[in-house]
Amino acid sequence: MLDAIILAGNGQMKTRSQTPKALIKASGKELIAYQIDYLKDKVHKIIVATGAGEFSKELEEFIYDTYPEMAIICISEEKPLGTAGAIKQCAKEAETDRVLVLNCDDICDINLDELEKIKGNVICAHAPKLQFGIITKNKEKDVLGEYSFVEKPTLKNLWTNCGWYLLEKETIKQFPFRGSIEYDIFPTLNFKIYQHLGRWNTFNTMIDVELFEK
């Protein structure tokens, strides 16, 4: 089984709420709870990067109060380290040669047994869902008229990062102490792709919460 790092220190959602993003509720359940509940019988150890400041303390209290029976390790930061720095810091607590890393706000049902079959560093990918409606010109004239409208379609034959990674500890050791995994690491990393065809819900605004609840 893998050890897992959940990146949960990304502040607040784009809303007036003062609630840490990881504690925003969707269908009555906190985002961090979705991730822990999914992983708790699938991984060896869960390590949560809780970020810096007062939000970190609030998140830690929630995790320890909600999951007293689990030996979850929460690691905070004196100053924001970015995703790369947070992973590097948390990986010191990991015991497995490769570590599952996931964003708190990317809810997926990735099959970890299948994921582990891929060697090396792996980025999980999903067909992207456009955040806007698109208008296309009809090729044939019919009752629909000259144009068609499709609301927020899933784009085929394209793959986007869905916020779950399987990373070698030896690779993580080379990460900077502060930086972004998306901007500073991935452009230079030799990695493979796991094409995830199942569930993927990402949360950036309260509209995403509303869509999830529908």
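The values are calculated or read from the model by the stated rules, or taken from the named source; none is laboratory data. Everything quoted here is computed from the prediction, not taken from an experiment. Positions of Cβ are generated from backbone atoms using ideal geometry, with glycine treated the same way; all protein chains shown enter the neighbour counts. SASA here: full protein model, heavy atoms, side chains in, ligands and nucleic acids out. Shrake-Rupley method; radii C 1.70, N 1.55, O 1.52, S 1.80 Å.
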Legend entry - Net lengthening on full extension, Lys40/Glu146 (0.36 nm per residue, minus Cα-Cα): 33.0 nm
Inset, instruction - Pick out, in residue order, every one of the GluC sites (Glu not before Pro) in segment 1-107 that is DSSP loop and has at most 14 other C-beta atoms within 10 Å; say none if there are none. - result: Glu69, Glu78, Glu95
Inset, instruction - List the equivalent ellipsoid semi-axes of segment 1-70 in whole Å, largest first, each obtained as the square root of 5λ for an eigenvalue λ of the Cα gyration tensor. - result: 21, 13, 11
Inset, instruction - Considering only protein heavy atoms, with the full assembly of protein chains and a 1.4 angstrom probe, order Met206, Met1 by accessible area, largest first. - result: Met1, Met206
Legend entry - Accessible area of the chain divided out per residue, in Å², using a probe of 1.4 angstrom: 57
Legend entry - trypsin sites (Lys or Arg not before Pro) within segment 1-95: DSSP coil, no more than 12 neighbouring Cβ in 10 Å: Arg16
Legend entry - Exposure rule at most 13 other beta-carbon atoms within 10 Å, DSSP loop chymotrypsin sites (Phe, Trp or Tyr not before Pro): the chain longest free segment: 1-131
Inset, instruction - State the Cα centre-to-centre distance between segment 162-214 and segment 1-79 in whole Å. - result: 16
Inset, instruction - In nm, give the distance between the simple-model label positions of Asp109 and Arg199, each being 7 Å from the Cα along the Cα-to-Cβ direction. - result: 0.5
Inset, instruction - Assuming a ≥ b ≥ c are the square roots of the Cα gyration tensor eigenvalues, decide whether the chain counts as rounded (a/c under 1.5), prolate (otherwise, with a/b larger than b/c) or oblate. - result: prolate
Inset, instruction - For Lys137, list the lysines whose Cα falls under 29 Å from its own Cα; do not include residues on the same chain fewer than 8 positions away. - result: Lys129, Lys152, Lys156
Legend entry - Carbon and sulfur %, accessible surface of the chain computed with the full protein complex present, 1.4 Å: 51
Inset, instruction - Express in nm, to one decimal, how much length is gained between Thr136 and Phe212 on full extension, taking 0.36 nm for each residue of separation and deducting their alpha carbon distance. - result: 24.7 nm
Inset, instruction - Pull out the extension gain between Gln18 and Tyr67, defined as 0.36 nm times the separation in residues minus the alpha carbon to alpha carbon distance; nm, one decimal. - result: 15.3 nm
